[in-house]
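Colleague: I am attaching a structure below and will ask some questions about it afterwards.
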Amino acid sequence: MKTDEHLVEYHNPKELTDLLSLSLPEKGEGLESAFSCIEQTLAYSVRTGHPYFFNQLFNSVDPAALVGEWVTSAMNASIYTFETAPVFTLMEMLIVKESHRLFGLPLDGDGIFTPGSSIGILMAVIMARNIQFPQTRIEGMRAAPPLVIFVSEDSHYAFTKAAIGTGLGLNACRKVKVDKFGRMSVEALEIAIAEAREKGEVPLMIGATCGTTVYGAIDPLDEIADVAAKHKIWYHVDAAFAGSFCVSDKLRPRLKGIERADSLNWNLHKALGIPLQSSLLLCREAGVLQRSNSTAAAYLFHSNDETAYDVGQKTIQCGRHVDCLKVYLSWKSNGRLGLAESLEGSVAFVQEFYQACLADPAFLLVTDPPESFNCCFYVIPTQLQGVKEEDRDPAFFQALGKATIALREAIRRDGTLFMNYQPQRGSEPFFRLTMHNFLLKSEHVHEIIGIIKAKVAELYPAQV
Ligand SMILES: Cc1ncc(COP(=O)(O)O)c(C=O)c1O
C-alpha cells in the first residue's frame, strides 16, 4: 500500500449509517449480496496495513500469515483435543517450545495461545493464585488471604482487569512508581511490598512490563527478578509489545531477566505483523496450566494415548480459535532471521524519526530516547515555537495539549495519517506514534513530519 493512498474515507457516524444502509433481512438475498457488502466494507473501513497507521500497537500484516488466517477460517477447526485438531496441536506445541527457547525459558515449560494478552494476563493471575493457594481452586477467594499484585503505574490496564476478574479487587492491584523513562522503580517496588506485608497482605505476583503501551519502556527485568526471588513472589512479565525483541540476536539482550520469569505473555500480533489475534502465555514450569485450569470435562476429553496432546485442558476456554498456523507460516517463510531483520529495521526507523523530531523546533519530545517502537512528543503551534524552555509554564503545556487533540482529529479525518494521543500521569495529552510497520523506510520520516507540519501551518497560521 502506498503512502499517498488514504487510510480512510472518513464519514461521521450519522453519514456512515446512511451510506451503508445496514440491514438483516427476513428472506435471504443470496451470496451475490455479499459482493456489494464487501466492497462497501473495504471502501469505508480503516486500512490498518497502511504504513502511516500508527494509532495502535498492531499494523502491517505479513502475507504468509494472512494466508494462514484464511486457511484457518476455511478449515474451521477448534484446538482443544488432538482428535479434532491433530496438525494444529503439534504446530502449537512446536511454537510454544521454540518461543521458550527464544526467551531462554526451560524447553519443557508450559504454554498456550490465548485470545490476546489481556486474557493471557488474566490466566496468569488465575494460575499464580491456583498454584500458590491450591485451595482457592476449590473454594474461591474465601480460601485466600488478602492477595495483592504489583505492577508499574505505566503498566497496561489488563492487570487491573485481571484483579477485578479474579476477585482480588481493583485495590489489590498496586501501582508502583516509574522513573523518568517510564520504567518501574525497584526501590518503590521494595517499599510497596514492605507496606503491603505490614498491613497483613500477601503478595501474589509482580507483573513487570517489557514494552509499555505508551512509552514502549522496558522495566528493569533482571532487578525485578531479584526482588521476586528474594521475596519468593510469582514473577510475571507482560511482554505483549517488546517481547518480540526475542527473535533478534541484536535486540534480545535488552530483555535480560525475562528468562527468570515464572510466566510471560507475548503478542505476536503487535510488532511481528501477524493478524489479530496471536498471543502466547508461556510458563516456566511444566503442567502448571493444566493444574490451574483443567476440569477434565468427560464429554470432550477422553482418556487414551493422545491425552497428553489435549491442549484444551490448559485453558479457561472451551472452543478455541486456531492461532498457530498463521504464526507457523510467517516464521517458516521469513525464518527467525527474516523476522529479526524486519524488527531491527523498525527499531532503527523509530530512532531516525526521533532524531528528526529532536532537530525540529516544531516538536517537543516526551520519550527521550525511545526504547522500542514508540515515539512520544508534543507538536508546538507556530506562535509558541519561540518559547524558551525555562518559560514553558502550565499554560504553555495546556496549549500544547489542545493542539494535540485539534491536530490529531484534523489529520485523522483527512485520512493521511493515524496517530494516537493520551495524557500520562497527569500530563497534558501528547502524541504517541507506534512505528513498526515493515513497509516504513527512511524516506518516510520527512514525509510524516511534513504532513504534521503542513497541518500545523493550516491550523496555526503564522501571524503577519
Ligand atoms: C503492554 C500491553 N500489555 C497488554 C496488552 C493487552 O493486549 P491485548 O490487546 O492482546 O489484550 C496491551 C495492548 O495493547 C499492551 O500494550
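Colleague: Please indicate, with yes or no, whether at least one residue in the range 226-236 is modelled with pLDDT of 95 or more and more than 26 Å from Ala143 (Cα to Cα).
Modeller: Residues of the range 226-236 modelled with pLDDT of 95 or more: 226-236.
Filter once more, so that each one left must be more than 26 Å from Ala143 (Cα to Cα): 226-227.
Yes, the conditions are met somewhere in the range 226-236.
Colleague: Mind listing just one residue for me: the one in the range 372-403 that is crowded, with 20+ Cβ neighbours inside 10 Å and not aliphatic (A, V, I, L, M) and, of those, farthest from the chain's Cα centre (by Cα)?
Modeller: Top of the filtered list is Tyr378.
Colleague: Here's something else I'd like to know. Quick one: is Ile274 of a type in the set (A, V, I, L, M), within 16 Å of the ligand (Cβ to nearest atom) and over 29 Å from Gly335 (Cβ atoms)? Reasoning before the result, please.
Modeller: Details: of a type in the set (A, V, I, L, M): yes; within 16 Å of the ligand (Cβ to nearest atom): yes; over 29 Å from Gly335 (Cβ atoms): no.
For Ile274, the condition - of a type in the set (A, V, I, L, M), within 16 Å of the ligand (Cβ to nearest atom) and over 29 Å from Gly335 (Cβ atoms) - is not met.
Colleague: Follow-up question, since we're still on this one. For Lys180, which of the numbered conditions (1) at pLDDT below 95; (2) under 23 Å from Arg284 (Cβ atoms); (3) of a type in the set (D, E, K, R) fails to hold?
Modeller: Going through the list (1) at pLDDT below 95; (2) under 23 Å from Arg284 (Cβ atoms); (3) of a type in the set (D, E, K, R), Lys180 breaks only (2).
Colleague: Would you confirm whether any residue within the range 125-137 is buried (at least 20 other Cβ atoms within 10 Å of the Cβ), over 14 Å from Ala239 (Cα atoms), modelled with pLDDT of 95 or more and within 15 Å of the ligand (Cβ to nearest atom)?
Modeller: Scanning the range 125-137 turns up at least one residue that is buried (at least 20 other Cβ atoms within 10 Å of the Cβ), over 14 Å from Ala239 (Cα atoms), modelled with pLDDT of 95 or more and within 15 Å of the ligand (Cβ to nearest atom).
Colleague: Just a yes or no: is a residue in the range 236-253 of a type outside the set (Phe, Trp, Tyr), in a helix (DSSP H, G or I) and touching a Pro at 6+ places or on another chain (Cβ under 9 Å)? First the steps, then the outcome.
Modeller: Filtering the range 236-253 for residues of a type outside the set (Phe, Trp, Tyr) gives 236-240, 242-244, 246-253.
If we keep only those that are in a helix (DSSP H, G or I) too, we end up with 242-244, 246-247, 252-253.
If we keep only those that are touching a Pro at 6+ places or on another chain (Cβ under 9 Å) as well, we get none.
So far as the range 236-253 goes, no, none of its residues is of a type outside the set (Phe, Trp, Tyr), in a helix (DSSP H, G or I) and touching a Pro at 6+ places or on another chain (Cβ under 9 Å).
Colleague: Among the residues of the range 143-171, which ones are without any contact (Cβ under 8 Å) to a residue 40 or more places away in the chain and in contact with a Cys (Cβ under 7 Å, 6 or more places away or on another chain)?
Modeller: Once the filter is applied, which keeps residues that are without any contact (Cβ under 8 Å) to a residue 40 or more places away in the chain and in contact with a Cys (Cβ under 7 Å, 6 or more places away or on another chain), the range 143-171 yields Thr160, Ala163.
Colleague: Yes or no: Ala286 in the same structural domain as Asp238 (by TED's automatic domain parsing), aliphatic (A, V, I, L, M) and modelled with pLDDT under 95? Before you say what the answer is, go through the steps one by one.
Modeller: Values: in the same structural domain as Asp238 (by TED's automatic domain parsing): yes; aliphatic (A, V, I, L, M): yes; modelled with pLDDT under 95: no.
When the stated conditions are applied, Ala286 does not pass them.
Colleague: Name the residues in the range 15-37 that are acidic (Asp, Glu) and loosely packed, with under 11 Cβ neighbours inside 10 Å, would you? Even if it seems obvious, please write down each step before you answer.
Modeller: Quick first cut of the range 15-37, residues acidic (Asp, Glu) only: 15, 18, 26, 29, 32.
If the condition is that a residue be acidic (Asp, Glu) and loosely packed, with under 11 Cβ neighbours inside 10 Å, then Asp18, Glu26, Glu32 are the ones that fit.
Colleague: Another question about this same structure. Do you know which residues across the range 180-212 are buried (at least 24 other Cβ atoms within 10 Å of the Cβ) and either within 11 Å of the ligand (Cβ to nearest atom) or not in a loop (DSSP other than H, G, I, E, B) (or both)?
Modeller: Met184, Leu189, Leu204, Met205, Ile206, Gly207, Ala208, Thr209, Cys210, Gly211, Thr212
Colleague: Tell me which residues, restricted to the range 61-81, are surrounded by fewer than 22 Cβ atoms within 10 Å (Cβ to Cβ) and part of a loop (DSSP other than H, G, I, E, B).
Modeller: Here is the first cut: in the range 61-81, the ones surrounded by fewer than 22 Cβ atoms within 10 Å (Cβ to Cβ) are 61, 63-64, 66-67, 69-78, 81.
Of everything in the range 61-81, those that are surrounded by fewer than 22 Cβ atoms within 10 Å (Cβ to Cβ) and part of a loop (DSSP other than H, G, I, E, B) turn out to be Val61, Asn76, Ala77, Ser78, Thr81.
Colleague: Here's another thing I want to ask about it. Please work out if Asn437 is at pLDDT below 90, within 23 Å of Glu9 (Cα to Cα) and not in a helix (DSSP H, G or I). Spell out the reasoning first.
Modeller: Values: at pLDDT below 90: yes; within 23 Å of Glu9 (Cα to Cα): yes; not in a helix (DSSP H, G or I): yes.
Yes: the conditions hold for Asn437.
Colleague: Here is a further query. Please verify whether the range 184-203 includes one or more residues that are in contact (Cβ under 8 Å) with a residue 60 or more places away in the chain and within 21 Å of the chain's Cα centre (by Cα). Can you show your working first?
Modeller: Taking the range 184-203 and keeping what is in contact (Cβ under 8 Å) with a residue 60 or more places away in the chain, we get none.
Looking through the range 184-203, none of the residues is in contact (Cβ under 8 Å) with a residue 60 or more places away in the chain and within 21 Å of the chain's Cα centre (by Cα).
Colleague: Pairs only if they're at least six apart or on different chains, beta carbon under 8 angstrom, first in the range 447-460 and closer than 20 Å to Lys402 by Cβ, second polar (S, T, N, Q); list them, first residue then second.
Modeller: From residues that are closer than 20 Å to Lys402 by Cβ, the pairs are Ile451/Thr416; Val456/Thr382; Ala457/Thr382; Tyr460/Thr382; Tyr460/Gln383.
Colleague: Name the one entry in Gln40, Gln56 that is surrounded by fewer than 22 Cβ atoms within 10 Å (Cβ to Cβ), within 16 Å of the ligand (Cβ to nearest atom) and not assigned by TED's automatic domain parsing to the domain that holds Cys173.
Modeller: Gln56
Colleague: Pull up the range 213-235, narrow it to residues that are assigned to a loop (DSSP other than H, G, I, E, B) and within 19 Å of Leu57 (Cβ to Cβ), then point me to the one that is nearest to the ligand (Cβ to nearest atom).
Modeller: So in the range 213-235, the residues assigned to a loop (DSSP other than H, G, I, E, B) come out as 213-217, 219-220, 232-233.
Right, trim to within 19 Å of Leu57 (Cβ to Cβ) and you get 213-217, 219.
Numbers: Thr213: 4, Val214: 9, Tyr215: 10, Gly216: 9, Ala217: 10, Asp219: 11 Å.
Once the filter is applied, the top-ranked residue is Thr213.
The values are calculated or read from the model by the stated rules, or taken from the named source; none is laboratory data. Predicted model only: the values in this text are computed from it and were never measured. Cβ: placed from backbone, ideal geometry, glycine included. Neighbour counts: every protein chain shown.
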